[in-house]
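Read the structure below first, then the notes.
FYI, it's all coordinate maths here, none of it is from the lab. Quick caveat, the model's predicted, so the values are computed rather than measured. Note: ideal-geometry Cβ built from the backbone for every residue, glycine included; neighbour counts use all protein chains shown.
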Ligand SMILES: Nc1ncnc2c1ncn2[C@@H]1O[C@H](COP(=O)(O)OP(=O)(O)OP(=O)(O)O)[C@@H](O)[C@H]1O
Ligand SMILES: [Mg+2]
């Protein structure tokens, strides 16, 4: 763990913490929203490793610098005249190897929190540590972004090259990895997302789910310990959503990758080890999916749904039935309604 000598850093750091937010507060200020214009970012992309790159840097987010560009574009929306307090004293720790789903209504602060993990924002107050490294320290940022890679919503904005393997190589190349290592990492990353057969394909011809898997491979090729996904399935059809979620589950279970997964789909959150619910910049609920979704009325109070089967059990119980209120899946509902013996 990195040396820590700042007074602001809590003394409750656990070796197992991948991400630790203490009293994390973030205020968007007008002057801080002076974003780089797309034309200023154009041309900053490096040549593709596989030497067939196409210059479309203005819409990229596969590697570190590309992610930053993308974030900057996204941030131009939602400005206010004065200040917006997007996070208010968030305390949260995420352990290595955990799969955590982050839920919350629009504007609750999910993306702002995610961007702190990647040091795209630094706290206005409080502290954010990634593997013990304070995101406020300039010197840590490069390493933090290697440890924690981000995936965004729009797969089209995350493609940087005209050939899949070139696209996946973009991140490691920016990290200055040795060519041999890049080749190996790209190969393994494509295998991990089951897209090896598409290594010479044109990203724009792929389906949304395939594009997101390529974007995930682009992060994996940098060998991160943690992957943060900000509504990666929001623009995908059900099949694409399943592909992406399955890929993440596999990475989490087989490679022990820490996954921070922001989603509006409750059925996806059911698959997480832990669910964190945000509301107006604060963490308001935290627990296993069952512990969280069981609280149907509280979830409704923060403007969220629960999985369809949990909702159904809740409604049936209100009609006088006596079902387990913590039912999450269709299978559990079937078993509850038609016990086999
Ligand atoms: N660049 C910005 N400038 C000013 N305010 C912002 C900016 N980005 C976000 N905000 C505000 O910060 C608050 C939190 O926004 P954030 O994007 O983190 O929410 P979110 O939970 O990700 O929402 P969504 O579900 O819509 O993606 C909101 O009030 C939002 O309007
Ligand atoms: Mg968001």
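Observations, loosely collected:
- Put in order of Cβ neighbour count within 10 Å, fewest first, the listed residues 256, 116 become 256, 116.
- Distance from segment 283-341 to segment 126-166 (C-alpha centre basis), Å: 36
- Spin-label model, residue 337/residue 181: points 7 Å from Cα along the beta carbon direction are separated by 5.5 nm.
- Take every Cα pair under 8 Å whose residues are at least 6 apart in sequence, average their separation, divide by the length of segment 177-227, and the relative contact order is 47 percent.
- Computed from the Cβ-Cβ distance with R0 of 30 Å, the FRET efficiency linking residue 139 to residue 95 stands at 0.75.
- Nearest-0.05 FRET efficiency for residue 235 and residue 122, computed from C-beta distance (R0 41 Å): 0.90
- Point-to-point label distance, residue 288-residue 267, nm (Cα→Cβ direction, 7 Å offset): 2.3
- Neighbour counts of C-beta atoms inside 10 Å place 24, 236 in the sequence 236, 24, starting with the fewest.
- Cβ crowding within 10 Å ranks 284, 160 as 284, 160, fewest other Cβ atoms first.
- Available extension along the chain between residue 23 and residue 315 is 101.4 nm, counting 0.36 nm per residue and deducting the alpha carbon span.
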